[in-house]
Every structure is written in C-alpha cells, then in structure tokens.
Amino acid sequence: MKTVVCFGASLTAGTVSFNYLDLLGARPSLAGYQFINHGVNGDLAWNGLERLDRVVAERPDFVTILIGTNDVNATLSEHNLQRYKAHNHLPSEPTLAWYEQSLWKIIQRLKQETDACLALLSLAVIGEDLNHEANRKVGLYSDAIRRVARAEDIAYLPLHERMVAYLRDHEGERAQLPPRLEYRDGLHNVGNAIALHATGLSWDEVSRRNGLLVTTDCLHLNSTGAGMIADLIEAWLLQDVEGQPPA
C-alpha cells in the first residue's frame, strides 16, 4: 500500500467543502493507495510550512499540495487582511512574493526530508466571475505555482486552468439556476453555505441554490469542483504506476 498525503487548507480538509479524498479513496484504480488528509481550514502557505513535521512523519510515497486560496483571499480587502493576520498569527504581510517563497520552502523541506514524489496543484477559482479581481489574482498565484514546479522539476496539476475552461464551456447552464452568488469579503457567504448544509442539504444542492457551477460559496467546492482535483491526482498517480515520471 502506497501512502499519499494530500496537503492543503479547507478544500483538502473537506469539512466545509466536498471532500475530494473521499472520491480518491472510492476509485477502484487507486485501491493500492492510502490517502491521508493533511488539510487545515484557513491555512496560508506559511501556516502549512509551520506544520510540515506531521507530513514528514507519515513517510509518504506521494504528496499533493493545494494551498494558496487563503493567501489570495487575504489580499482582497482590508477586512480580510486583518482577520487572517489575527487568526493565523502571520509574521508578515501576505503578498505574492511571500507566498511563492513559502511554497518554495515547503517543496525544499519535503525534498530534503522525504523520498516522496511531489505534485503542486494550481488554485481553484474564487467566485465564478472570471473577470473579478479575485480571479485575476488567482491566475497570478497559479503562475507562481507553475514557476515553482518547473524550477523544482516536480509535477504541476492544472486545476485552475481546468476550472476556468469548465466555467467558460458551461456558462449557458446558468439559465436554469438561481441568480449567481457573487464573491464578497468576510465569512458571510461561507457561513450561509455551512448553515444550509447543516439543514441536510448536500454541497451540490447548496451550490445549485447559489447559482454556482463548481463552488458552493465562491470559495469551497461542490462535487464537480472536487472531482476535478480527484481526476488530476488520479491521472498523476497512475502515470507513475505505469513507469513514467509524474508530469
């Protein structure tokens, strides 16, 4: 049995988002893999770097890394910035340069302290308006992820690109949905989605009620969005099984 650590924030933790690790664990093609969840809600890349000892202790064969949504979100308003600085005890102002440096340090430590094959995923969309500042920044942060992956010669899994293509290809489906929920700072959208889910609605039904195609609340994912992550990770793992280097 090979060990795969999935490392990240709330999209990986799967407590307020559809859990993509459940999808991976249910796929017959991946029966020879054990998936271990190392997602922590609200983490920035710097917070992830601070808890890498627990990942190293798993002695993983593979590590997938999906982190950065909170780094972007922290830059989208003064309200968000102050909330993240207080809750996450940040030692520095969140910037793209600091994010890229933290991500690079995560990769360096995992290379030095494990023998794992590593894969970096680009970021999920924030809201589903692709012209919004949030998604402009998501694109810039995903470019940084690609740079780190290339510099370190590790796999790059294009989640951002896949989501953008899906939203463009399925825009016509919104005609059958309620008005689209738009991104707003703070926790209002997230809190409402959690409250709806607590009544027994699935994440997919929460998403539908909010007029969304891949997210539930503009930050977290329904089964379509989570399925994209699972598909990318599955394809990467199986490529390695077939004797080819992860790419």
## Note on the structure
Restricting to lysines and to Cα separations under 29 Å from residue 137, and discarding same-chain partners fewer than 8 apart, the set is 85, 105, 111
### Message
With the cut-off at 1.5 for a/c, could you classify region 152-204 from its C-alpha gyration tensor as rounded, prolate or oblate?
### Response
oblate
### Task
Count the net charge of all other residues whose Cβ sits under 12 Å from the Cβ of residue 81, scoring Lys and Arg as +1 and Asp and Glu as -1.
-2
### Summary
Helix-only [θ] at 222 nm, the chain, -39500 (n - 2.57) per DSSP H run of 4+, per residue, nearest 500, equals -15000 deg cm²/dmol
### Task
Would you mind ranking 237, 130 by Cβ crowding within 10 Å, fewest neighbours first?
130, 237
### Task
Could you grab the relative contact order for the chain? Cα pairs under 8 Å, six or more apart, rounded to a whole percent.
20
### Shape parameters for region 34-152, alpha-carbon atoms, Rg then Dmax in Å
14.3, 42
### Task
Please report how far the C-alpha centroid of region 113-155 lies from that of region 40-108, rounded to the nearest whole angstrom.
13
### Query
With a ≥ b ≥ c the root eigenvalues of the C-alpha gyration tensor of region 1-56, is it rounded (a/c under 1.5), prolate (a/b larger than b/c) or oblate?
oblate
### Local electrostatic count, residue 23, Cβ distance below 11 Å [Lys/Arg +1, Asp/Glu -1]
-2
### Message
Viscosity 1.002 mPa s, temperature 20 °C: what is the translational diffusion coefficient of region 91-160 from Stokes-Einstein with a Kirkwood Rh over Cα pairs, rounded to a whole number of µm²/s?
### Response
166
### Message
Is the C-alpha gyration tensor of region 161-247 telling us rounded, prolate or oblate? Criteria: a/c under 1.5 is rounded; beyond that, a/b larger than b/c is prolate, otherwise oblate.
### Response
prolate
### Task
May I ask you to compute the full-extension gain from residue 129 to residue 109, defined as 0.36 nm times their residue separation minus their alpha-carbon distance, rounded to one decimal in nm?
3.6 nm
### Task
Mind checking which aspartates and glutamates have their Cα closer than 16 Å to the Cα of residue 2? Skip sequence neighbours fewer than 8 apart in that chain.
58, 61, 115, 234, 240, 242
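A short reminder: the numbers here are calculations on the coordinates, not readings from a lab. Remember, predicted model here, so these are calculated numbers, not experimental data. Quick reminder, even Gly has a Cβ in these numbers, built from the backbone with ideal geometry, and neighbours come from all protein chains shown.
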